[in-house]
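Computed from the coordinates by the stated procedures, all read-outs in this text should not be read as laboratory data. Everything quoted here is computed from the prediction, not taken from an experiment. Ideal geometry is used to build each Cβ from the backbone, glycine not excepted, and the neighbour counts take in all protein chains shown.
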2 protein chains.
Amino acid sequence: MANQKENVTPKGVLLVVSGPSGAGKGTICQMLRDRLPDLGYSISVTTRQPRNGEVDGVNYFFKTVPEVQDMIAKGELLEYAEVYGNYYGTPRKYVMDLLDKGQDVLLEIDIQGALQIKKRFPEGVFVFIVPPSLEELSARIYKRGTDSVDVIERRMASAAGELTYAAEYDYIIVNDIAEKAANKVLTIMEAERYRVARTYFIVDEICKGKA
Amino acid sequence: MANQKENVTPKGVLLVVSGPSGAGKGTICQMLRDRLPDLGYSISVTTRQPRNGEVDGVNYFFKTVPEVQDMIAKGELLEYAEVYGNYYGTPRKYVMDLLDKGQDVLLEIDIQGALQIKKRFPEGVFVFIVPPSLEELSARIYKRGTDSVDVIERRMASAAGELTYAAEYDYIIVNDIAEKAANKVLTIMEAERYRVARTYFIVDEICKGKA
């Protein structure tokens, strides 16, 4: 039983941070990356054309449409989406290699993407960021100023529905003050490192006198 | 689904700290109690006679043997054991009332007791404390000086076997330095407060405009 668990769950934690737009997951993830410079991240595959200065294997893995479709068919993407005719996806092998080395990996992703990952890699840790209230969510989206009133209204209408996806996640963090919320996510990340599936190997080592 | 989860898991965290004797769970739990004065604890039921100064409902709930046997039959004990002809047990209702009020409760208990609790209340958080090595475990039991060489040898012989029970727990903490180990248990306790089963009610409140 122990060994089975060990094989299923790599030592590193795949931390998936998600939530409705306007909840503030971007700010929180940036704080996490600032605080944990060694935190692993994924490089997405995409079928869109490289822009000026973008390097294959650094900014993205640039692929053709048939290549990505082949990866999808083979289950080589943890999640993917089609946006304006281009594919974007998270390569399973790239992420798994980091986790197997014991590195924690942070993925900041929308709800649809997170739920795809959960189906394909339930051993990940799924954190859902919620705004303190719908009024605050609305205020944040307005303040951002990048969206038309039309888009904002559509977003607000779906926000309540989106929030109920929280039930599919492992943890819920209320983002009242981003700094505090980021600390809570850090706490979750640390606690998850002590999970039995990630630490049982220590017991094996102690019993064999290797510890 | 959300409401179902809410009904199953109370807001407070039942933290069960366990492990082989000599692993240091007593020291760690004392540190936790010192750091968290509001931490709830259970009052055990027992059939043994009150000693001088012991108060019913403070030190123990003193019961007769038929009363405790009746509690066992009705599933009113989270765990129990018979020691030298006396029953000792953890009353479910007392602990659940604290958890329902949102108070975290710490239980320091041996492996057999912890596994009983897990069967009856899997929503608890089960932390297994392990020594850094079998040599260190042996040194600690010797140093304690309360056990005969005979008892120590029997303990050491069973220690390796006992350690494999770690697989039944949620988290494993290596107790190399008690202070550090206690901090890790605190981290687990905090993270568990954000578990979806304990926080989904917030989403309900946000959606209803109560937050």
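Computed quantities for the displayed model
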{"read-out": "Relative contact order of region A:42-102, defined on C-alpha pairs under 8 angstrom at six or more residues apart (%)", "value": "38"}
{"read-out": "Rounded to 5, the percent of DSSP beta bridges in chain A classed as antiparallel", "value": "30"}
{"read-out": "Loop-resident sites, region A:126-211, for trypsin sites (Lys or Arg not before Pro), counting at most 12 other Cβ within 10 Å (DSSP)", "value": "A:Lys208, A:Lys210"}
{"read-out": "Taking the C-alpha atoms of region A:42-102, convex hull volume expressed per residue in Å³", "value": "76"}
{"read-out": "Cut-off 15 Å between beta-carbons: net charge of the residues surrounding B:Tyr94, Lys and Arg +1, Asp and Glu -1", "value": "-1"}
{"read-out": "Calculated FRET value between B:Asp176 and B:Asp97, using beta carbons and R₀ = 45 Å, to 0.05", "value": "0.80"}
{"read-out": "Euclidean distance of C-alpha centroids, region A:150-201 and region B:4-77, integer Å", "value": "32"}
{"read-out": "Relative contact order of region B:45-156, pairs being alpha-carbon contacts under 8 Å that are 6 or more residues apart, as %", "value": "18"}
{"read-out": "Cα-Cα over 23 Å, subset of B:Lys11/B:Lys184; A:Lys119/B:Lys210; B:Lys101/B:Lys210; B:Lys119/B:Lys143; A:Lys25/B:Lys184; A:Lys11/B:Lys143", "value": "A:Lys119/B:Lys210; B:Lys119/B:Lys143; A:Lys25/B:Lys184; A:Lys11/B:Lys143"}
{"read-out": "Bridge type composition, region A:42-102 - antiparallel percent by DSSP, nearest 5", "value": "75"}
{"read-out": "Karplus-derived HN-Hα couplings along region B:90-103 (A = 6.51, B = -1.76, C = 1.60, θ = phi - 60°), whole Hz, x at Gly and Pro", "value": "10, x, 4, 5, 4, 5, 5, 4, 5, 4, 4, 6, x, 8"}
{"read-out": "Vicinal HN-Hα couplings computed from phi for region B:39-53 (Karplus, 6.51 cos²θ - 1.76 cosθ + 1.60; Hz; Gly/Pro x)", "value": "4, x, 9, 8, 9, 6, 8, 8, 9, 6, 5, x, 8, 3, x"}
{"read-out": "Cα-based shape type of chain A, given that a ≥ b ≥ c are square roots of the gyration tensor eigenvalues and the cut on a/c is 1.5", "value": "oblate"}
{"read-out": "Amide H contacts under 5 Å for B:Leu77, placed H, 5+ residues apart", "value": "B:Arg92"}
{"read-out": "Partner lysines for B:Lys63 [C-alpha distance under 16 Å; skip if fewer than 8 residues away on the same chain]", "value": "B:Lys74, B:Lys93"}
{"read-out": "Against the rule of thumb 2.2 N^0.38 Å, how large the Cα Rg of the protein assembly as shown comes out", "value": "1.14"}
{"read-out": "Relative contact order of chain B, defined on C-alpha pairs under 8 angstrom at six or more residues apart (%)", "value": "33"}
